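The values are calculated or read from the model by the stated rules, or taken from the named source; none is laboratory data. Computed from a predicted structure; not experimentally measured. Cβ placement follows ideal geometry from the backbone for every residue including glycine, while neighbour counts extend to all protein chains displayed. SASA here: full protein model, heavy atoms, side chains in, ligands and nucleic acids out. Shrake-Rupley method; radii C 1.70, N 1.55, O 1.52, S 1.80 Å.
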Amino acid sequence: MDAGDWIALSTGAVSVGAAGIAIWQARTASASARHSKQQARAADEQVRVANEQLLQAERLHREQLALAERIHREQNEPYVIVDIQPSDPTSEILVVVIENIGPTMARNVRISCDPPLVSGWGDDLTEMLHRALSRSIPMLPPGRRLEFLLDNQDRFQNSDLPTSYTFTVESEGPGGAVEPLEYVVDFGTWAESLMRNRPTKQIEDKLGKIQAAVKALSDNYKLANSPAIRSERERAAELVQQRRAQAGAEQPPANLPE
């Protein structure tokens, strides 16, 4: 091979080497590009996750704020209840009770009942109940309790009259309209308990306790003062004997027969 061939061969080798270097550089650049894309995707994912966490934190904060506001509002709202119960523990009279057990004034209290209330004492009392519940109560201060006569225990013997009613209460408080409240009152569930607890039972129980206390006091007194009591009895017996003897001595002797 002459000098020209060597030169051509060297030039080809250099070209091949340069081509190899170019290919290696291209592959390196491609790998770098892929790595850069992966890093970019990872960065985008981190941004997305961070945004989701931020949105979730904001949503949780809004929910907690709304819950705190609702709790604060409910704690400062009136709470009007409706119930049917005995007028007192020893009574057989049933009354409809409307009471504000909340901390603030209730205004424009409106009550509806399903089915309409019916009294076993006649149409006049039934109409009175309807008028009482159909009227709006202008104000009901905290602790205020209203009672309306409904019936007595004889109602449980009349199967034609319902014992379950659903009351719906609407009212307004310091913050405006209060969420409607619904009460299902089924006083038939405790009818047997009420019938067993006759009106005079508690009075009888109290009298029985008083009787037992008086007997215990009497027994203790007798035990503590038994010597004095025995002496008093003996003295009384002696007085009786003395009076009898005295009466016998004063009696004139009987006339003897001749």
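Condition check for PHE167 on (1) open to solvent by less than 90 Å² (accessible area, probe 1.4 Å); (2) modelled with pLDDT of 90 or more; (3) over 20 Å from the mean Cα position of the chain (by Cα): one failure, at (3).
Residues are listed down the side, and each one gets a yes or a no for (1) without any contact (Cβ under 8 Å) to a residue 60 or more places away in the chain; (2) under 22 Å from PRO86 (Cβ atoms):
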{"site": "ASP123", "(1), (2)": "yes, no"}
{"site": "SER136", "(1), (2)": "yes, no"}
{"site": "LEU146", "(1), (2)": "yes, yes"}
{"site": "ARG155", "(1), (2)": "no, yes"}
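Only strands (runs of 3 or more DSSP E) whose full extent lies in segment 126-193 are considered here, and the ones with at least 3 residues that are under 17 Å from THR104 (Cα atoms) are 137-140, 164-173.
Would you check if there is a residue in segment 5-14 being modelled with pLDDT of 70 or more and open to solvent by 80 Å² or more (accessible area, probe 1.4 Å)?
Initial filter on segment 5-14 (modelled with pLDDT of 70 or more): none.
No; the residues of segment 5-14 include none that is modelled with pLDDT of 70 or more and open to solvent by 80 Å² or more (accessible area, probe 1.4 Å).
Look at LEU133 and say whether it is of a type in the set (A, V, I, L, M, F, W, C) and under 21 Å from the mean Cα position of the chain (by Cα). So LEU133 fails the test. For segment 134-160, a residue qualifies if it is under 24 Å from GLY188 (Cα atoms) and surrounded by 14 or more Cβ atoms within 10 Å (Cβ to Cβ), and the qualifying residues are LEU146, PHE148, LEU149, LEU150, ASP151, ASN152, GLN153, ARG155, PHE156. When the residues of segment 97-125 are filtered to those that are within 24 Å of PRO142 (Cβ to Cβ) and part of a loop (DSSP other than H, G, I, E, B), the one that is most open to solvent (accessible area, probe 1.4 Å) is ILE101.
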